[in-house]
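Here is the structure we will look at, set down as structure tokens.
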């Protein structure tokens, strides 16, 4: 099992497009991939679950990967998460 702390860009969160993009990427891996914001947890392969996560107050989230390709999966998801911009109004 691999656990990574990731700091998202200020104001960024999992709104519709980034959640969908991240879920598509996550489904390419066999590993179980979970993202937590505070006490809330979501399956990274489920866009709706990601969208239900609260906006991280300090930008910090935790990514947990467990499975045969956990290192590759965690690296790919971290890269994708770091590109998420805040939602423009």
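Bear in mind these aren't lab numbers, they're just calculated from the coordinates by the rules spelled out. Since this is a predicted model, take the numbers as computed values, not measurements. Virtual Cβ from ideal backbone geometry, glycine too; neighbours counted across all protein chains shown.
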In degrees from 0 to 90, rounded to the nearest 10, what is the angle of the helix 70-81 Cα long axis to the longest principal axis of the chain? 10 degrees
Would you mind calculating the gained length between residue 83 and residue 20 on full extension (0.36 nm times residue separation, minus the Cα-Cα distance), in nm to one decimal? 21.3 nm
Pop a pseudo-label 7 angstrom from the Cα along the beta-carbon direction at both residue 41 and residue 72 and give the gap in nm to one decimal. 2.6 nm
Set the Förster distance to 30 Å, then compute FRET efficiency between residue 48 and residue 4 from the Cβ-Cβ distance, nearest 0.05. 0.85
Looking at the calculated P(r) for the chain, what percent of the C-alpha pair distances fall above 20 Å? 22 percent
